[in-house]
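Peer 1: Shown below is the structure under consideration.
Where a number appears in this text, it was derived from the coordinates with a stated rule and is not lab data. Here the structure is a predicted model, which is why all the values come from computation and not from measurement. A quick note on method: Cβ atoms are made from the backbone with ideal geometry, for glycine too, and the neighbour counts reach across all protein chains shown.
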Amino acid sequence: MATIDTRLAANDPVPQIRARVAACTRLLNMAGILHYSGHVSQRAPGEDALYIQSRGESRAEVTPASVLKVDFDGNVLEGDDKPPSELVIHTGIYRARPDIGAVIHNHMPMAAALTMARGARFEVMDFHAAHWVDGVRVMRAVGHIKTEADGAALAACLGDGNALLLRAHGLVLTAESAPGLLVDTLHFEDNVNALKQAFAFSRSVEPVAGEDFERIGLTEDREHRVRKMWNYYVLKGVRAGAIPECWQGYPDVTLYRPGEGPRS
Ligand SMILES: [Zn+2]
């Protein structure tokens, strides 16, 4: 229960990856988690490269066509803008962890606040956050992550985990795909909010632990949850005008269709 399978589906078509990176970025912008900074990436299948938005484009306006393809040395292979200044967060993790398919870095205020509260630590308060039961490490070094050495140090701090808090900065999560990142990011924020709320009731909290996880593990169906939540938020985003009903030139690649799983 403590881990999730974060491998990228090897046959994810590139138009789908581009559309879902763009949609995930816009939807997390709509949710207030990505704003003027933060970025979502997904690994390019079979290559030492990734898909990510450009440095200058608004998180509210990313499109499948504007998403860059960038190699692990930071060279732009497709696109005509620079990648985000903290690209090495992504490349450092992909280099160190071939099992990871997608990465998000954001400046979630509640995540940064958690790193600044003396004695506080991540606890599982919502069973949807159960795959972080082993805890979430904190990278103590403060500041932007901009050099190859910074990226490698961050990946070392992440270790074999799927989440890393950056002190006075934000958060890094890893998943199998951009839709998986959307789900995990929302659950992470919900969980930290629940932790804060629990402390408002009592100075002593009782996190989900022990035998709870055995029961949760029996019923967890991540593929179904990712598919269900992704479609819900995509349709909500369409109704709110945050994303178009159809990306021009990228038909039917944003929503999961019946029978299609996140890893299919
Ligand atoms: Zn940052």
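Peer 1: Calculate the spin-label point distance for Leu77 paired with Arg203, positioning each point 7 Å from the Cα along the beta-carbon direction, and give it in nanometres.
Peer 2: Modelled inter-label distance: 5.6 nm.
Peer 1: Using label points projected 7 Å from each Cα along Cα→Cβ, tell me how many nm separate Ala117 and Ala149, to one decimal.
Peer 2: For the pair Ala117/Ala149, the computed spacing is 3.5 nm.
Peer 1: Separate question: If you average 1/r across every pair of different Cα atoms in the chain and take the reciprocal, what Kirkwood value do you get, in Å?
Peer 2: Computed over Cα pairs of the chain, the Kirkwood hydrodynamic radius comes out at 18.5 Å.
Peer 1: Please count, across the chain, the pairs of lysine residues with Cα atoms under 30 Å apart that sit 8 or more places apart or on different chains.
Peer 2: So the count works out to 8.
Peer 1: Related question: Which value at 222 nm does the chain reach when only helices count, each DSSP H run of 4 or more adding -39,500 (n - 2.57), with the total divided by all residues and rounded to the nearest 500 deg cm²/dmol?
Peer 2: Values: 7 runs with 98 residues, N = 264.
Mean residue ellipticity at 222 nm (helix-derived): -12000 deg cm²/dmol.
Peer 1: Also, I was wondering about something else. Calculate how steeply helix 178-201 sits against the longest principal axis of the alpha-carbon atoms of the chain, using the helix alpha-carbon long axis, and give the answer as 0 to 90 degrees to the nearest 10.
Peer 2: 30
Peer 1: To the nearest 10 degrees, how steep is helix 14-30 against the longest Cα principal axis of the chain, on a 0 to 90 scale?
Peer 2: With rounding to tens, the tilt is 50 degrees.
Peer 1: Give, in nm to one decimal, the length gained when the segment between Asn11 and Lys228 is fully stretched (0.36 nm per residue of separation minus the Cα-Cα distance). Each step should come with its number before you reach the end.
Peer 2: Working: separation 217, 0.36 × 217 = 78.12 nm, distance 2.09 nm.
Computed gain between Asn11 and Lys228 is 76.0 nm.
Peer 1: While we're here: I need the semi-axes of the equivalent ellipsoid of segment 67-170: take the C-alpha gyration tensor, multiply each eigenvalue by 5, square-root it, list largest first in whole angstrom. Before the final figure, lay out each step's value.
Peer 2: Values: eigenvalues 137, 46, 32 Å².
For segment 67-170, the ellipsoid semi-axes come out as 26, 15, 13 Å.
Peer 1: In segment 28-116, which chymotrypsin sites (Phe, Trp or Tyr not before Pro) fall in coil by DSSP and have 10 or fewer other Cβ atoms within 10 Å?
Peer 2: Tyr36
Peer 1: What residues of segment 216-244 lie in the reach of a label at Glu61, counting those whose backbone N is under 18 Å from a point 7 Å from the Cα along Cα→Cβ?
Peer 2: Correct set: 241-244.
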